[in-house]
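Everything on this sheet refers to the single structure shown next.
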Amino acid sequence: MSRSALQKQPVAGARAHPAALDAALIDALAEGRCADPFAVLGPHETPQGRIVRAYLPGATSVEALDAAEARTLATLDPIDERGLFGGLAPGQDPYLLRVTWPDAAFIAEDPYSFWELLPEEDLALFAAGCHPKLSDLLGARELWIAQTPGVRFSVWAPNALSVSVVGDFNGWDRRRHPMRLRHDAGVWELFVPRIGAGERYKFAMVDQGGRQLPLKADPMAFRTEAPPQTASIVAAALDHAWQDADWMASREKRQAPEAPISIYEVHLGSWLRKNDAELDWDEAARRLPSYAAALGFTHIELLPIAEHPFRGSWGYQPLSPFAPTARHGEPQGFARFVDAC
């Protein structure tokens, strides 16, 4: 249902509250299958003024604050006992939500006050199958919107009825952060303010039959939990000063068709285990390149190192093809290993 259609619905009797919703929409929110959360949550202009709705199961109270002065604009009323709050919040300026829980409270921007995130031109390229850099489009990326830091989550799931992002930041509750569908590309997106690198997350999906699917790891994640755990992790931007200028200068000659080649193939998880434990990236960087070079090899070929929870696959069943396995440490360590090689 569009925002305009929703705003034109008459309310009467028990639904006379300006922020009231149709019971079916509340049920969809409460059951984690809301296909268009931005049509019902966040700020909406009505004949009575701006209303704000927030779905926060377990919260005891919610207030809308003026973002500049942190003064209270409105106390949002409980609209449904399952966690829907709403009320008139006068004005047009940005606002914050102060949410009180039984044991804590926090103040942050409302995820549903941010408009569309991914550029239309990027989505058009993606839909045409020719986007040049999907890692900039999909996955979990730290960014700032105006003065607000947070994480933009996006995932391609064109046949899902609804998609939510879940993680430690929302108690793994699929009702808390339903995402927006960009219909032409089949991409779901949401900006979650005031979180950052290190957050664990997955995607919760409902199929067209209304069935909740098992939680899904992010196929575009740059970092994951160490197996056998399978959550994706918001990765920090890579901060590495590459030391390979001399090698890069000679790469064309080294890779020429007539240049000699001798490849050392290695499964890093099995190679030179230390106290029967796998080496981390830095220990591998100290040992493997010099060992292979001393034997006369020109190249090192690693058996797949993309994250793969099942050890028996030796990396040939990847879960997150853009995340180097956490068995050996964080992505920054992998960068140092590549630099050493």
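The values are calculated or read from the model by the stated rules, or taken from the named source; none is laboratory data. All values reported here derive from a predicted model rather than from experimental measurement. Don't worry about glycine lacking a Cβ; one is built from the backbone with ideal geometry, like all the others, and counts go over all protein chains shown. These area figures cover heavy atoms from the full protein model, side chains too; ligands, DNA and RNA do not enter into them. Shrake-Rupley method; radii C 1.70, N 1.55, O 1.52, S 1.80 Å.
Quick notes
- The residues in region 179-203 that are surrounded by fewer than 17 Cβ atoms within 10 Å (Cβ to Cβ) and among the charged types (D, E, K, R) can be counted, and the count is 2.
- The set of residues in region 302-341 that are touching a residue at least 40 places away in the same chain (Cβ under 8 Å) and of a type in the set (Val, Ile, Thr) contains only THR325.
- Among the residues listed as ARG176, ARG152, the single one being closer than 28 Å to GLY58 by Cβ and in a strand (DSSP E or B): ARG152
- Restricting region 306-339 to residues that are modelled with pLDDT of 95 or more and among the aliphatic types (A, V, I, L, M), the residue that is farthest from HIS240 (Cα to Cα): ALA306
- Output for region 179-213, where each listed residue is part of a strand (DSSP E or B), in contact (Cβ under 8 Å) with a residue 60 or more places away in the chain and of a type in the set (Lys, Arg): ARG180, ARG182
- ALA235 vs. criteria under 23 Å from SER313 (Cα atoms), open to solvent by less than 40 Å² (accessible area, probe 1.4 Å), assigned to a loop (DSSP other than H, G, I, E, B) and of a type in the set (A, V, I, L, M): no
- Number of positions in region 95-116 that are buried (at least 17 other Cβ atoms within 10 Å of the Cβ) and not in a strand (DSSP E or B): 5
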